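All remarks here apply to the structure that follows.
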Amino acid sequence: MEDQSPNISSTYSAPEPDMDDILDLTGGQYIRRAVDEDDEEDRRSYSDSLEPSPESEEPSSDPIPPRGALPVIPSAPVEEEHDTPTSPYGPPPPTTTGSVVVDLLYWRDIKKSGLVFGASLFLLLSLTVFSIVSVSAYIALALLSVTISFRIYKGVLQAIQKSEEGHPFKSYLDSNVAVSEEIVNKYSNVALGHVNCTLKELRRLFLVEDLVDSLKFAVLMWVFTYIGALFNGLTLLILALISLFSIPVIYERHQTQVDHYIALISKNFNNVKDLILAKVPGLKRKAD
């Protein structure tokens, strides 16, 4: 007789170990390692590495961040951007009176140099024909004619258009045209230094402190007597003005050739001077 015992299906099964349980093969026991404990240790070691040592820094009064929150690292300060023009050659040099004069003489800006040169030359040529009083009066009348005509024109135009623009030269009338004391003191000191040097040099030449220098000065004055017979003072000023606005440009374009000829002339002049000093007794400089 067959054993027809009912099939008793096992409803109980051994609990399977979690993925976090590790089987200890040597002892046959399970060692429980919780993920929470590992995470806690990792967080603790990470927070310990971020905490400053008590000797280097004082404890911060900031509240402790919650568990699991990442530490906030302060960002570097952002530098403010300034709208300053950059140049591959560095910042531009400050504008001075000397640089302005050099730019005019070297014709850096053709319009400005041409305006200054033309106005100065016209003034000097006018002085050769008229007296300085007449030239000053004519220039003042010309300027007044322009400003009065423009003032009347703008007044009529505002009356027709019924606008309230005001005086056409208001911006110029409100501007400050006074000369500051600093500029006066600066240029007064410079002029005073040149005047004192000139007086000392003239005293040295006229009182014959050095015989050679006094003779050179006498020869120069003798040459000026011939120049004065051919040209007057205004003609010399005109020639000087033309030379100032032409010689620097010519020298800049042909510097090599000009330096070569100047060296030859200087060498020949020094040879002639040494020959004269050797032939004429009493003209040699005393040794220092």
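General observations
- Exposure of Ile265 as accessible area (Å², to 10), given a probe of 1.4 Å and all protein chains: 110
- Distance violations [Cα-Cα > 31 Å] among Lys111/Lys267; Lys111/Lys200; Lys111/Lys216; Lys111/Lys154; Lys112/Lys186: Lys111/Lys267; Lys111/Lys200; Lys111/Lys216
- In a DSSP loop and with at most 14 other Cβ atoms within 10 Å, the chymotrypsin sites (Phe, Trp or Tyr not before Pro) in segment 182-288 are Phe231.
- The local environment of Val102, defined by Cβ-Cβ distances under 15 Å, has a net charge of -1 under the rule Lys, Arg +1 and Asp, Glu -1.
- Close amide-amide hydrogen proximity is noted between Trp107 and no other residue 5 or more places distant or on a separate chain, at a cut-off under 5 Å (H modeled in the peptide plane; Pro and chain starts excluded).
- Residue by residue, segment 213-221 carries 3J(HN,Hα) couplings of 5, 5, 5, 4, 5, 5, 5, 5, 5 Hz when phi is fed to the Karplus relation 6.51 cos²θ - 1.76 cosθ + 1.60 (θ = phi - 60°); x denotes Gly or Pro.
The values are calculated or read from the model by the stated rules, or taken from the named source; none is laboratory data. A quick note: this is a predicted structure, and the numbers were derived from the prediction, not measured. Reconstructed Cβ throughout: ideal geometry from the backbone, glycine too, with neighbour counts over all protein chains shown. Surface areas here come from the heavy atoms of the whole protein model, side chains and all, with no ligands, DNA or RNA. Shrake-Rupley method; radii C 1.70, N 1.55, O 1.52, S 1.80 Å.
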